[in-house]
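Here's the structure, in structure tokens; my notes come after.
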């Protein structure tokens, strides 16, 4: 079966698992600071021939946050460590364009791409949590559209910095004493609305040209950003029809922006609850539910919907809320789900507790595979970010029981055929903007 | 021999070696982006029972910089990778307090300390190169004293963030569902002159309490900062008497600041040129000199002295220059050396080309060991940062030929006796500010 008809898989990793109470299971190992566990997850994903392992991030913590993210290893240093303990799998980390500096961040992702031999990916986020502002000396979290405008320029600057050195610029010619071919070095000299960055960056062009860009925007501004720069789209979707419409919309926007829509891989989050039978899977979900702390669970939902829900009656309908300015993808999807199924607040709370607001797939390995195939065949997804409810067992089950079915159906690779994350995703390596140009055109190209 | 009478050793790593032309030797492996080489250096240092491996940094590059630092792996991601490939050696990286953010940097060093099991160190620099400003949207590099004032507050904030969680705060009690003991979580609520940071940091207290702080300030402001926060002092010294006076001055300042002067390890840089005889060592230095590009060599000296020296006649005396505002330690030391030996500009250029302005030790392994012992016994140094002229051979020679002599003399450990960098250096783990306090005093202590 041709490569283009196979899906892509990532494992989205929160140290305690995605179910709000997953860490409390007897078999669960917990902790986003538990490197041995994270290493095991990465190696299991690599055994399952996954495209990538993916780490969330947030720049704040406190008593109100989900145990999964209260404390954790910093994602960029974590990727560098995992690069040493894996050989093929892509390594993706979230980093904020609101509270980072483009020169420092461009260096770090380039460095990880070098250390890993071309396996780095950057999930560009604008920062969903306003609490971060206080950690960075800002009186206020910038409003939504401003954050996206900053992000657009931020990514442009970072890509420009990655182009500071053409391939082959560092010649290290011992005989002549020439260390670098300075005709292949380019200053950026960016002066924009939000950033002014001279360059060049002090690291060679990354093995992948640019590390893979992941984006998860769901709002209007978010979709524009995602369709203009996103190579992997991390989406929150509950319904195949809505997901297909979302995917089609993003692909149309990408085409309008002059991109090949096939160069964008849409990978919604999915939480699989796998059992030997459907009843067994339901029993597993119920067992997780018994461990749930109702207060934590309601906090997860409140965060997703952008409003404190504790004043509302649990057995009443899900209240109609003003438009969220923080996690619009989650807010819209969960509100639609509640309306469709006429859910009470309690029911929506328990649903969101399971998968942090993402799609829940429940059943036998075959049923899970069916649920993935359905969306893939419908064009609603190019792949999936698997969000196990707890670690490591629930993820081991997916790799050992679901992946072989997908492989048997020809829907997923049985072996890596390349070495870089771009290879796995079937994405071309971006060429340097000056490639193939006559020497006298280079200055102009770089300046433009 | 008691631990306190043994010296400490670090290897200061520049990918192409410290001699400006070291990379051109036939046996040299070059490149600060060559991870296999850097890994080999770290493992050789660990085999030699070194305290630490230490990476320089700068936030700019361009045609004028030394090949060693034109392109390189980003130091923090590099440390995380090395943590996976080593087991005992301390891992030190340079990071700027002028062009970093305290929340992001505190997280990263904490994360590296967790990943390495307590082996991280942060070399606090204020940024010697004004060219960095243009990469961070600043019209100008802040002046020297302002940079040191910012650094002082920056380090205070970072330490405060490292204290966000007391030891044992993350309980992960599966039975009760309690994830964290929130009475052990502390907001920082810092509002200072340059930073406003709320906290808490989203990572547990580092295994070392605080990663080890390295400082290399040599100016008045630099000495104040070094003696108030530095646990390892990286110094540039050429003369044992001057070095002793510098060490005594720092120890006196530390005592005045209420610190135990023994909790500060002064480790000047030393470039060893090792031969089977003194004549052989001199021949090696001459061979390196033959590869030197005079223009690059003069650039190194110009950088160290803070002024472009190309207009001055090479065979005239070293000119008297205005006080440097960039690398005061280098400028003062090299100027004094030139005056003492009545050097021409050419002679000083060739000396600085060898060791980037640091002390050159030339001779047999015994002579090198003598040169280190002399300073150590005199109280001019608690140890040394070894700066090999090229890699990997010149460093292998030090570990294989000089270290055994130091060990035989009882001047250096023959085995690691601890696991953290603080263990190696004999530095206590800083206790949490609330340790041992009654509960009602905690709020006050954290607020103060």
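The values are calculated or read from the model by the stated rules, or taken from the named source; none is laboratory data. Everything quoted here is computed from the prediction, not taken from an experiment. Using ideal geometry, Cβ is built from the backbone for each residue, glycine included, and neighbour counts are taken over all protein chains shown.
If the condition is being buried (at least 24 other Cβ atoms within 10 Å of the Cβ), within 23 Å of residue A:222 (Cα to Cα) and within 17 Å of the chain's Cα centre (by Cα), then the range A:97-114 contributes A:97, A:109.
Every test in (1) more than 10 Å from chain A (Cβ to nearest Cβ); (2) at pLDDT 95 or above; (3) more than 20 Å from residue B:389 (Cβ to Cβ) is passed by residue B:76 save one, and that test is (1).
Of everything in the range A:32-45 that's outside any helix (DSSP H, G or I) and in contact with a helix residue (DSSP H, G or I) (Cβ under 8 Å, 6 or more places away or on another chain), which residue is modelled with the lowest pLDDT?
Here is the first cut: in the range A:32-45, the residues outside any helix (DSSP H, G or I) are A:32-34.
Checking the rest, the ones that are also in contact with a helix residue (DSSP H, G or I) (Cβ under 8 Å, 6 or more places away or on another chain) come to A:32-33.
Values: A:32: 87, A:33: 92.
My answer is A:32.
Every listed requirement among (1) closer than 22 Å to residue A:59 by Cα; (2) within 25 Å of the chain's Cα centre (by Cα) is met by residue B:179 save one, (2). For residue B:117, the conditions (1) at pLDDT 95 or above; (2) surrounded by 21 or more Cβ atoms within 10 Å (Cβ to Cβ); (3) more than 7 Å from chain A (Cβ to nearest Cβ) all hold with the exception of (2).
Taking the range A:85-94 as the range and being buried (at least 23 other Cβ atoms within 10 Å of the Cβ) and within 13 Å of chain B (Cβ to nearest Cβ) as the test, the residues that pass are A:91, A:93.
Taking residue A:397 as the residue in question, decide whether it is assigned to a helix (DSSP H, G or I), more than 20 Å from the chain's Cα centre (by Cα) and in contact (Cβ under 8 Å) with a residue 40 or more places away in the chain. Judged against the criteria, residue A:397 is a match. The combined condition, being in contact with a helix residue (DSSP H, G or I) (Cβ under 7 Å, 6 or more places away or on another chain) and either crowded, with 21+ Cβ neighbours inside 10 Å or away from every other protein chain (no Cβ under 13 Å) (or both), is fulfilled by residue B:145. Only strands (runs of 3 or more DSSP E) whose full extent lies in the range A:46-139 are considered here, and the ones with at least 3 residues that are free of Cβ contacts under 8 Å to residues at least 60 places away in the same chain, touching a strand residue (DSSP E or B) at 6+ places or on another chain (Cβ under 8 Å) and within 17 Å of residue B:105 (Cβ to Cβ) are A:90-96. Helices (runs of 4 or more DSSP H) fully within the range B:245-342 that include at least 1 residues being surrounded by fewer than 21 Cβ atoms within 10 Å (Cβ to Cβ), touching a helix residue (DSSP H, G or I) at 6+ places or on another chain (Cβ under 9 Å) and within 14 Å of chain A (Cβ to nearest Cβ): B:278-291, B:294-305. The test for being over 22 Å from residue B:197 (Cα atoms) and more than 21 Å from the chain's Cα centre (by Cα) does not hold for residue A:140. Inspect the range B:122-141 for any residue being buried (at least 24 other Cβ atoms within 10 Å of the Cβ) and facing chain A (nearest Cβ under 9 Å) and give the result as yes or no. Yes; the residues of the range B:122-141 include at least one that is buried (at least 24 other Cβ atoms within 10 Å of the Cβ) and facing chain A (nearest Cβ under 9 Å). Within the range A:29-40, the residues that satisfy the criterion of being crowded, with 22+ Cβ neighbours inside 10 Å and more than 8 Å from every other protein chain (Cβ to nearest Cβ) are A:32, A:38.
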